[in-house]
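What follows is one structure encoded as structure tokens, with my remarks underneath.
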Amino acid sequence: MASQQKNPMTSRRNFLAGAGAITGAVAAASVSKAAMAALPEPVTQGKPDTMPPLVPSTGRGYNPVVTLNGWTLPWRMNNGVKEFHLVAEPVVREMAPGFKAHLWGYNGQSPGPTIEVVEGDRVRMFVTNKLPEHTSVHWHGQRVPNGMDGVGGLTQKHIAPGKTFVYEFTARRPGTFMYHPHADEMVQMAMGMMGSWVTHPKARHPSIDEVDRDFVFLLNAYDIEPGAYTPKIMTMLDFNLFTFNSRIFPGIASLNVRRGDKVRIRVGNLSMTNHPMHVHGHEFQVTGTDGGPTPKSARWPEVTTDVGVGQMRQLEFIADEEGDWAFHCHKSHHTMNAMGHEVPTMIGVDHRQVVRQITRLVPDYMVMGERGMSDMAEMEMPVPDNTAPMMTGQGPFGSMEMGGMFTVLKVRRDQKAGDYGNPGWFKHPAGTVAYEFDGSLPQPVRAGKPAAASAPAGPAPTGEVEVQIRKPRSGHAGH
Ligand SMILES: [Cu+2]
């Protein structure tokens with residue numbers, strides 16, 4: 001293969017030899033050896049780590065993206081055509097340390113590998129189906145000949161189990177795109193079948209800036225009961241795991257950048273609801289969507305942007321504030337992991353007497369949540385095997401009480417250019433961390449008083465405070 005992922009963790013295994021090891025959960029389709037011989041060797045990735053950017057060694061050059069907890073698929077160049085080989089197959093995805101899910105994906109992972117090409121590239125995608133049912137691949141957002149659009153039944157025959165189909169087209173528009181099945185979509189997307197696609201501009205583009213860091217990931221949601229491994233695919237709205245690239249906090253890698261870097265984050269949404277994505281400490285602009293680059297005259301600053309279902313957004317900003325900045329979906333239920341949904345609200349209910357009575361019968365009985373839910377993060381309550389804690393993540397000051405769609409943007413002055421490694425927790429300069437009040441502060445100056453006369457020692461005489469009290473009248477019509 002002409003281009004290789006420069007990472008020892010990438011395993012190149014023989015497709016057939018590896019077939020039995022993929023999963024015992026679902027019988028995978030078998031593919032004949034003769035049929036595979038002419039295809040680009042399938043490359044798979046077993047580790048859920050964020051892999052280093054794949055610097056192109058053939059074709060036109062570009063500044064590669066970094067896939068959060070993912071990787072970019074290597075290709076081979078065949079008479080000027082970039083050939084990729086996607087293998088649809090059952091996979092085991094570690095969603096967070098200690099919690100694995102049985103999903104469907106591509107080339108060993110869910111989501112599948114990111115595809116990176118350059119505007120104008122001729123692209124040939126081989127898609128081999130090792131799922132137990134038929135599939136297809138739709139190249140979301142791209143200009144393709146209609147018969148390459150991947151809608152099973154409408155624009156092509158479905159790809160039966162064991163078969164390989166070829167898609168061929170020119171990557172006409174630069175931008176941020178996705179790929180996913182257009183066959184038994186409800187099941188296949190609920191099982192994790194999707195991937196990112198980035199088409200880099202072939203030359204300087206008036207609406208596409210060069211950036212120092214370029215991240216990409218997809219938003220997805222799963223419904224996996226505590227202790228189970230396989231998503232419930234009939235779920236329409238009541239998901240319990242909200243993921244960046246099929247990972248949940250604290251399993252999501254941090255975005256590590258150098259202070260002053262221009263940062264681009266490409267986010268696509270293939271879940272069943274919208275996700276308002278929020279960056280702390282910085283304002284960003286949305287510089288593009290899956291419709292292409294946004295003209296500069298049509299951009300405005302934001303700190304949260306909604307990424308609707310089936311949409312992609314490019315967030316860009318200068319990372320000029322050092323620190324550990326939260327980056328998350330702003331729906332508070334989406335920054336939590338699986339829990340029973342029938343938990344009653346116990347805030348303000350003093351049930352100590354009840355607990356004493358129950359404890360006589362059930363010694364291990366625990367009642368959660370009478371002072372809010374943060375107790376659950378601190379107590380690390382026992383959960384079934386293969387279940388992520390609901391709210392967790394140890395930070396330098398204690399539990400972060402987060403899960404799901406949450407990670408940290410780490411901005412450091414001493415991060416090396418091109419180094420995506422985790423620099424550890426931020427060391428705050430003295431006097432810049434919120435602190436506990438201990439009663440010793442300079443006397444306040446009250447608004448509306450001359451400064452010279454306004455700082456008497458001791459508390460202000462109560463007679464000087466004017467308040468107006470309006471009593472409600474009975475029978476008064478509200479408005
Ligand atoms: Cu969300």
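Where a number appears in this text, it was derived from the coordinates with a stated rule and is not lab data. As the structure is a prediction and not an experimental result, all values here were calculated from the model. Ideal geometry is used to build each Cβ from the backbone, glycine not excepted, and the neighbour counts take in all protein chains shown.
Fully extending the segment from L237 to N274 would add 12.2 nm, taking 0.36 nm per residue of separation and subtracting the current Cα-Cα distance. Shown here: the stretch 237-291, whose C-alpha atoms stretch 40, 31, 17 Å along the first, second and third principal axes, sorted largest to smallest. Couplings 3J(HN,Hα) for the stretch 143-160, derived from phi with the Karplus relation 6.51 cos²θ - 1.76 cosθ + 1.60 (θ = phi - 60°), are 7, 9, x, 3, x, 9, 7, x, 8, x, x, 8, 10, 6, 6, 5, 8, 5 Hz, where x marks Gly and Pro.
Given Cα positions, please report Rg to Rh for the stretch 228-340, the hydrodynamic radius being the Kirkwood one. Over the Cα atoms of the stretch 228-340, Rg/Rh equals 0.99. The eigenvalues of the Cα gyration tensor, multiplied by 5 and square-rooted, give the stretch 121-248 an equivalent ellipsoid with semi-axes of 28, 22, 11 Å from largest to smallest. Count charges around R247 for me, please; just the other residues with Cβ under 15 Å from its Cβ, Lys/Arg as +1, Asp/Glu as -1. Neighbour charge sum, excluding R247 itself: +1. Counted by Cβ distance under 13 Å from K262, the other residues give a net charge of -3, where Lys and Arg count +1 and Asp and Glu count -1. Here, the stretch 133-175 yields an orientationally averaged convex hull projection of 3.2 nm² when only Cα atoms define the hull. Exposure proxy ranking for F239, F217, based on other Cβ atoms within 10 angstrom of each Cβ and starting from the fewest, stands as F239, F217. Proximity of backbone amide H atoms, modeled 1.01 Å from N, is registered between V137 and H182 at under 5 Å, excluding neighbours fewer than 5 places apart on the same chain.
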